[in-house]
Amino acid sequence: MTYETILVEQQGAVTLITLNRPQALNALNSQVLTELTAAFNAYDADPKQRCAVLTGSGEKAFAAGADIKEMVDKDAADFFLQDFFSGWQTGVVATRKPWIAAVAGFALGGGCELAMMADFIIAADTAKFGQPEIKLGVAPGMGGSQRLTRAVGKAKAMEMCLTGRNMDAAEAERSGLVSRIVAADQLVAEALKTAQAIAAMPPMAAMVNKEMVNIAFETNLAQGLLTERRLFQILTATQDKKEGMTAFVEKRPGVWKGR
Ligand code: CO8
């Protein structure tokens, strides 16, 4: 597929996807969703690709939100009948392999929500996160009220949604929204380095680790612990479990089969 709103490149086992509408601060329109869905599906389906990084083009923004110009003339029936924003769940969140959001500049509204769909966020020191939808007479529609609250707790999420104020990178790190902060000019290189480290892991184990941590956000402790145990037990049936443990005992690096 040829893309117009994103760039996709492969660096070894890592797929780098760049939102590429810098003139609109990478605002997320329907075409971006269609293209991101295709890119994430292709990444998931390619056995040679083992981790992905999503970032924004330009220094100013990861993404300044859902495209307001696309939404301005739509009415409630349009949003309801098109089940607006549901495609983000099926097209992006459903990705089974790990991916990292590398955020510099604004991650506002849908941009913040897209970053929070990632398995984790690495932030540049320039990053600013916010859910300013209230200023437009609406509210988050791509998961912001739920994922932000789970990430930073009720007090900060509520304040951000009700006032529309932004959180800078330092506050985002303190609050647990991002895993760490790096210098803006090192952001993509650092994210790719982290992605290469993940890509070097046994791939089924990476997928299972991702699934396990995500389950912690979606179920109660007893169910989560049971699911963890069952997934752990399934992993022990893989060739990579045999190889990983044998390689440890033999004091050599593991060579992964991916099954
Ligand atoms: N959508 C469309 N275009 C945008 C967006 C956006 N979200 N953000 C910026 N742009 C465009 C601007 O219109 C401008 O284009 P042009 O030059 O053609 O006028 C260009 O990007 C540059 O933007 P600015 O000139 O505004 O740049 P500034 O540096 O002055 O300001 C800001 C940067 C502060 C980021 C500012 O652009 C801004 O406030 N953007 C909007 C942020 C926002 O409100 N985001 C939330 C959008 S709504 C959403 O994401 C979810 C909605 C859920 C609705 C649920 C309904 C069912």
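The values are calculated or read from the model by the stated rules, or taken from the named source; none is laboratory data. Computed from a predicted model, the values in this text were never measured in an experiment. Note that each Cβ is placed from the backbone with ideal geometry, even for glycine, and that neighbours are counted across all protein chains shown. Side chains included, ligands, DNA and RNA excluded: accessible areas come from the protein's heavy atoms. Shrake-Rupley method; radii C 1.70, N 1.55, O 1.52, S 1.80 Å.
Over the chain, with a Gaussian network built from C-alpha contacts below 10 Å, which listed residue (PHE85, PHE40, PHE106) shows the highest mean-square fluctuation?
PHE85
Rg/Rh for the range 104-183: what does it come to with C-alpha atoms and Rh from Kirkwood?
Result for the range 104-183 is an Rg/Rh of 0.93.
Enumerate the calculated ³J(HN,Hα) couplings along the range 69-78 in order (Karplus 6.51 cos²θ - 1.76 cosθ + 1.60, θ = phi - 60°), each rounded to whole Hz, writing x wherever the residue is Gly or Pro.
Using θ = phi - 60°, the values come out as 5, 7, 9, 4, 9, 7, 10, 4, 5, 4 Hz.
Considering amide H positions built from the backbone, and no H for Pro or chain starts, which residues 5 or more places from ILE6, or on another chain, come under 5 Å of its amide H?
ASN20
Under 5 Å between amide H atoms, partner at least 5 residues away or on a different chain: which partners does ALA61 have, H built in plane at 1.01 Å?
For ALA61, the qualifying residues are PHE106.
Using the heavy atoms of the protein chains alone and a 1.4 angstrom probe, what is the accessible area of the range 91-133 per residue in square angstrom?
20
At what distance in angstrom do the alpha carbon centres of the range 179-251 and the range 44-115 lie from each other?
23
Full extension from ALA222 to ARG165: what is 0.36 nm times the residue separation minus their Cα-Cα distance, to one decimal in nm?
Net length gain for the segment: 16.9 nm.
Report the antiparallel proportion of the DSSP beta bridges in the chain as a percent, rounded to a multiple of 5. Mind showing how you got there, number by number?
On the way: 8 of 31 bridges.
If we restrict to bridges inside the chain, about 25 percent are antiparallel.
Determine ³J(HN,Hα), in whole Hz, for all residues of the range 153-158 in sequence, where each value follows from phi through the Karplus function 6.51 cos²θ - 1.76 cosθ + 1.60 and θ = phi - 60°; x replaces Gly and Pro.
x, 5, 4, 6, 4, 5
Once phi is turned into θ = phi - 60°, what whole-Hz ³J(HN,Hα) does the Karplus curve with 6.51, -1.76 and 1.60 give for every residue of the range 41-51, x standing for Gly and Pro?
5, 5, 4, 4, 7, 8, x, 7, 9, 10, 8
Is the C-alpha gyration tensor of the range 130-225 telling us rounded, prolate or oblate? Criteria: a/c under 1.5 is rounded; beyond that, a/b larger than b/c is prolate, otherwise oblate.
oblate
Give me the Å³ per residue figure for the convex hull around the C-alpha atoms of the range 4-131.
97
With all protein chains present, calculate the accessible area of ARG259 using a 1.4 Å probe and round the result to the nearest 10 Å².
Counting only protein heavy atoms, the figure is 150 Å².
Restricting things to alpha carbons, find the Rg to Rh ratio for the chain using the Kirkwood radius for Rh.
0.99
I'd like to know which of PHE217, MET245, MET204 lies farthest towards the positive end of the charge dipole of the range 203-250, counting +1 on Cβ of Lys and Arg and -1 on Cβ of Asp and Glu.
PHE217
What's the ranking of 190-196, 88-94, 74-80 by average number of surrounding C-beta atoms within 10 Å, highest first?
Per-residue Cβ counts within 10 Å, averaged per peptide and sorted highest first, yield 190-196, 88-94, 74-80.
Once you've got the GNM for the chain with C-alpha springs shorter than 10 Å, pick whichever of SER179, SER145, SER57 has the biggest mean-square fluctuation.
Between SER179, SER145, SER57, it is SER179 that shows the largest mean-square fluctuation.
Would you please give the residues with an amide H less than 5 Å from that of ALA52, counting only those at least 5 places away or on a separate chain, with H modeled from the backbone geometry?
Correct list: THR15, TRP99, ILE100.
Once you have the Kirkwood Rh of the range 203-250 from its Cα pairs, apply Stokes-Einstein at 4 °C and 1.567 mPa s and quote D in µm²/s.
Using the Kirkwood radius from Cα pairs, D works out to 112 µm²/s.
Size of the dipole of the range 95-231 about the Cα centre, Lys and Arg at +1 and Asp and Glu at -1 on the beta carbon, nothing else charged, in debye to 20?
Working: 15 positive and 13 negative charges, 66 e Å.
Dipole of the range 95-231, to the nearest 20 debye: 320 debye.
Roughly what angle does helix 239-249 make with the longest principal axis of the chain, taking Cα atoms, 0 to 90 degrees, to the nearest 10?
Long axis of 239-249 versus the principal axis of the chain: about 60 degrees.
Using a 1.4 Å probe on the protein heavy atoms, what percent of the accessible area of the chain belongs to carbon and sulfur?
Percent of accessible area from carbon and sulfur atoms in the chain: 58.
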